[in-house]
Amino acid sequence: DTAAFGWSRTQVDPALLALLADPQWAPCLVFPGEYVAPERVMTEVPQAAGKRPLFVLLDGTWSEARKMARKSPYLDHLPVLSLQPEQLSRYRLRRSTRDEHLCTLEVAALCLALAGEPRAAEVLETYLEVFSNHYLNARQSVPPDLEDAAHLRLRALAGVV
């Protein structure tokens, strides 16, 4: 149950608005609480009777994501899930100036774990590790090690030997 939408400052995808209004979902914007009004901030997954959580993630650099949130008034009514990760980012392809900032995939994995899907979260985190290893090796013209710990863990999670 995943959807992706392009962001535009001037136009909103009607399918996104329909998804946010769909009564089967309890949407929340996943974003640092320091950038929104305190009354919108929550630290746990919203619980609404008969509704599944719908996590809205803004994919971009932190400055881009802040701009997207600020210039998207259709998100202003959503509660904001402010994650408090217990670990620092392990993303190795680009670094934020702040260690507590996570990449979008790490945020998605945390959301899955909070929603009671720890295996899906682990698979996502492991995919990130495999991808990062491949990317960093390719930059140095080093072939990937398909038997490294990340690949073995991913195969085990996928049930592939």
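Write out, first by first residue and then by second, each pair whose Cβ atoms fall under 8 Å of each other, whose residues are 6+ apart or on separate chains, and whose first residue, in segment 146-159, is farther than 12 Å from Asn133 by Cβ while the second is outside any helix (DSSP H, G or I).
Listed by first residue and then by second, the contacts come to Arg155/Val161.
Search segment 8-30 for residues that are within 15 Å of Ala69 (Cα to Cα) and pair each with any residue that is open to solvent by less than 60 Å² (accessible area, probe 1.4 Å) and assigned to a loop (DSSP other than H, G, I, E, B) when their beta-carbon atoms are under 7 Å apart and the residues are at least 6 apart or on different chains.
Pro27/Leu78; Cys28/Pro46; Cys28/Leu78; Cys28/Pro79; Leu29/Leu78; Val30/Leu83
Six or more apart or on different chains, Cβ under 7 Å: which pairs go from a residue in segment 58-76 that's touching a residue at least 12 places away in the same chain (Cβ under 8 Å) to one that's aliphatic (A, V, I, L, M) and open to solvent by 40 Å² or more (accessible area, probe 1.4 Å)? Could you list them?
The qualifying pairs are Tyr74/Val12; Tyr74/Leu17.
Would you pick out the residues in segment 127-161 that are open to solvent by less than 50 Å² (accessible area, probe 1.4 Å), in contact with a helix residue (DSSP H, G or I) (Cβ under 6 Å, 6 or more places away or on another chain) and under 25 Å from Phe31 (Cβ atoms)?
Leu128
Would you mind telling me which numbered condition in (1) in a loop (DSSP other than H, G, I, E, B); (2) surrounded by 11 or more Cβ atoms within 10 Å (Cβ to Cβ) Leu16 fails?
(1) is the only condition that Leu16 fails.
Go through Leu93, Leu78 for me and flag whichever is at pLDDT 90 or above and not in a helix (DSSP H, G or I).
Leu78
The values are calculated or read from the model by the stated rules, or taken from the named source; none is laboratory data. Source: prediction; values computed, not measured. In this analysis, Cβ positions are derived from the backbone assuming ideal geometry, glycine residues included, and neighbour counts consider all displayed protein chains. These accessible areas exclude ligands, DNA and RNA; they are computed on the full protein's heavy atoms, side chains included. Shrake-Rupley method; radii C 1.70, N 1.55, O 1.52, S 1.80 Å.
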